[in-house]
Amino acid sequence: MLQRVDRMQLAVRDRAIAADTFAEVLGAETVQEDDLRLFNATRTVVQAGESEFELLEPAGDGLVASHLERWGEGIFGAGFSTDDPGALARRMDHRGLHFKEEGGQIFTEPDQTRGMRTVISRTSEREPVGLISSLYEVTNIVDDHEEAASFYTDAFGLDASRFCPIKSEQWGYTGTLTLFDPPSKLDRIELTQITEPSLAMGRFFARRGSSIYMCYAETGNAGVIRERLEARGSRYTAGRENGGGNLFIHPTALHGVLIGISRANLAWTWSGRPELARA
């Protein structure tokens, strides 16, 4: 029932400053300003490509304020879209999952999933803006990737026959890509299970347990993004695996979010359909 990786939610100290950062790095544009009472936060929504980033600033005590106090700025939740939120809500309710609704969105807490706070929105077609095409992946570190894949299949109405195994010695994990609609779309939850605790993802898991680690987006403008990061003195890493074509934007460059940027279709190389990857 999930169709797209639609958005990411970030906890930030100043949403105006964060919106300016996303504009300067990714060419994002502000599309919405409002309040999210559920988290006692004010919200600025910026669009980059077809996707959105919700920048949440605490208006007082609440989950966003608690996140900032404990972890600092960074990923607060992952967002997905479906063409029938009502049907998905009924499915989740039937399976005993607790959620809340506000402003047409469905919100679940990490204790209802496998450590991944989620916001589910109705599918909306958007004209791309800025320098990325869209988000396509959220990485959820878990204790058991096979069990988590089974859970998300049942909870969100996914098709396990579309999934793809994944393994990385470089980053120290094994896991599952829960592809929503291949080969039409790359969108998925990447479930990772740590195999090497000493590496960056393993250290993150040791601190936070099952949680959201990062997100991934596609671009046809990697060079421009790199130039913008360098002009700001921001940290990034150019990936060398799979023939290059990846950037990893350091969390210090984007208000605590680690985001991978890959050139168009490159991710099919490790997503079970390498023939779809363009040179």
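See the values below:
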| read-out | value |
| --- | --- |
| All positions within segment 13-42 that are in contact (Cβ under 8 Å) with a residue 60 or more places away in the chain, of a type in the set (A, V, I, L, M) and under 29 Å from L88 (Cα atoms) | L36, L38 |
| R13 vs. criteria open to solvent by 60 Å² or more (accessible area, probe 1.4 Å) and touching a Leu at 6+ places or on another chain (Cβ under 8 Å) | yes |
| Matching residues, segment 116-131, being hydrophobic (A, V, I, L, M, F, W, C) and open to solvent by less than 10 Å² (accessible area, probe 1.4 Å) | M116, V119, I120 |
| Listing of strands (runs of 3 or more DSSP E) fully contained in segment 22-88 that carry 2 or more residues being among the hydroxyl-bearing types (S, T, Y), open to solvent by less than 30 Å² (accessible area, probe 1.4 Å) and closer than 30 Å to L247 by Cβ | 74-82 |
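For every residue, the table says whether it meets (1) acidic (D, E); (2) surrounded by 22 or more Cβ atoms within 10 Å (Cβ to Cβ).
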site: S210; (1), (2): no, no
site: G223; (1), (2): no, no
site: E230; (1), (2): yes, no
site: R235; (1), (2): no, no
site: I249; (1), (2): no, yes
site: A253; (1), (2): no, no
site: L258; (1), (2): no, yes
site: A267; (1), (2): no, yes
site: S271; (1), (2): no, yes
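The values are calculated or read from the model by the stated rules, or taken from the named source; none is laboratory data. Please read these numbers as outputs of a predicted model, since none were measured by experiment. Positions of Cβ are generated from backbone atoms using ideal geometry, with glycine treated the same way; all protein chains shown enter the neighbour counts. Please note that ligands, DNA and RNA were not included when accessible areas were found on the heavy atoms of the full protein model with its side chains. Shrake-Rupley method; radii C 1.70, N 1.55, O 1.52, S 1.80 Å.
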